[in-house]
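A.B. asks: Dumping the structure here so I can ask a few things about it.
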Amino acid sequence: MMEGNGAPYAKIVGATRTPEEYLKKLEAAGETRRKLKEAVAAAQPLKGKEKLEQLVKALNVLPEDLQPFQKELIAEISALDPEDRYGFGKKSEKAAAMEKQRLMWEQFCQKYSGRISAEETRAGREEALQMLEKKDTLPPIRLKIAKYISDGYVLERNLPKALEYLEIARDADPESQAAKKLEPWIDNMRKHINQEK
């Protein structure tokens, strides 16, 4: 759920079984928004360290993964915290890098979407391998790139290489949900490889 400026303040994850359950989640999201607004409003008349602490308190109303998207609030905090003692400047930089890499990955996917000839598969893999070699590629994007490479090897029926890149994908961001979803694929591929021996 987002404010008019595009900054999310809550998210509703997973399916709900009943309309009442969904309404409870909506109400909780509305409560988060209300607390955020109140905390920000309480900071406005303050100055210096007091204002900084109140703005940090406001930002901490949100789940940690949504905080970096509150760009206006983080800009205000950063102006009051030039040494970045609270770490929101670093979080903001990381969010900006993630957005840039996400757009890069989206453009890559559009470029190779629906192209499955042998030459196009190899060209896509070569480009993906170059992206994977970049040291600054963030873990969630690194996972997607390695998974793409694995999929290309599956199309070529090169299961050992496909397995290798599935494992690289998993290990790129091991604590993520996306990595956990790869485990059954890895297990199945190992079984297929062992059956072929």
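The values are calculated or read from the model by the stated rules, or taken from the named source; none is laboratory data. Computed from a predicted model, the values in this text were never measured in an experiment. Note that each Cβ is placed from the backbone with ideal geometry, even for glycine, and that neighbours are counted across all protein chains shown. Heads up: the accessible areas ignore ligands, DNA and RNA and are worked out on the full protein's heavy atoms, side chains in. Shrake-Rupley method; radii C 1.70, N 1.55, O 1.52, S 1.80 Å.
A.B. asks: Over the heavy atoms of LEU73, what accessible area does a 1.4 Å probe trace out, to the nearest 10 Å²?
C.D. replies: 10 Å²
A.B. asks: List the residues of region 88-125 whose backbone N lies under 19 Å from a point placed 7 Å from the Cα of ALA75 along the Cα-to-Cβ direction.
C.D. replies: Answer for region 88-125: 88-100.
A.B. asks: FRET efficiency for ASN60 and GLU183, Cβ-Cβ distance as r, R0 = 41 Å, nearest 0.05?
C.D. replies: 0.80
A.B. asks: Roughly speaking, what is the centre-to-centre gap between region 106-168 and region 40-71 when only Cα atoms are used, to the nearest Å?
C.D. replies: 40 Å
A.B. asks: How big is the dipole moment of region 113-197 about its Cα centre under a simple scheme where the beta carbon of each Lys and Arg is +1, that of each Asp and Glu is -1, and everything else is neutral? Debye, nearest 20, please.
C.D. replies: Dipole size: approximately 160 debye.
A.B. asks: Same structure again: Could you pull out the GluC sites (Glu not before Pro) across region 108-166 that fall in loop regions by DSSP (anything but H, G, I, E, B) with no more than 14 other Cβ atoms inside 10 Å?
C.D. replies: When the GluC sites (Glu not before Pro) of region 108-166 are filtered for loop state and at most 14 Cβ neighbours within 10 Å, GLU156 remain.
A.B. asks: While we're looking at this one, here's another question. Could you report region 98-197's accessible area per residue, 1.4 Å probe, as an integer in Å²?
C.D. replies: Numbers: 6450 Å² over 100 residues.
Spelled out: the 1.4 Å probe surface of region 98-197, per residue, equals 65 Å².
A.B. asks: Let me ask something else. In square angstrom, rounded to the nearest 10, how much accessible surface does LYS144 have for a 1.4 Å probe?
C.D. replies: Result for LYS144: roughly 90 Å² accessible.
A.B. asks: For region 53-197, what does the relative contact order come out to in percent, with C-alpha contacts under 8 Å and a separation of six or more?
C.D. replies: In percent, rounded to a whole number, it is 13.
A.B. asks: Evaluated at 25 °C with a viscosity of 0.890 mPa s, what Stokes-Einstein diffusion coefficient in µm²/s does region 85-197 have when Rh comes from the Kirkwood expression over alpha-carbon pairs?
C.D. replies: My calculation gives 162 µm²/s for D.
A.B. asks: Express the carbon and sulfur contribution to the solvent-accessible surface of region 85-197 as a percent, rounded to the nearest whole number, probe 1.4 angstrom.
C.D. replies: 53 percent
A.B. asks: Over the chain, what portion of Cα pair distances is larger than 26 Å, expressed as a whole percent?
C.D. replies: Values: 10026 of 19306 pairs.
Roughly 52 percent, once rounded to a whole number.
A.B. asks: Which of the lysines could be linked to LYS51 by a straight reach, that is with a Cα gap under 26 Å, when you skip same-chain ones fewer than 8 residues away?
C.D. replies: Cα-Cα hits under 26 Å: LYS35, LYS37, LYS71, LYS90, LYS91, LYS94.
A.B. asks: Additional query: Please calculate the 1.4 Å probe accessible area of LYS57, with all protein chains present, and give it to the nearest 10 Å².
C.D. replies: Approximately 130 Å² of LYS57 is accessible to the 1.4 Å probe.
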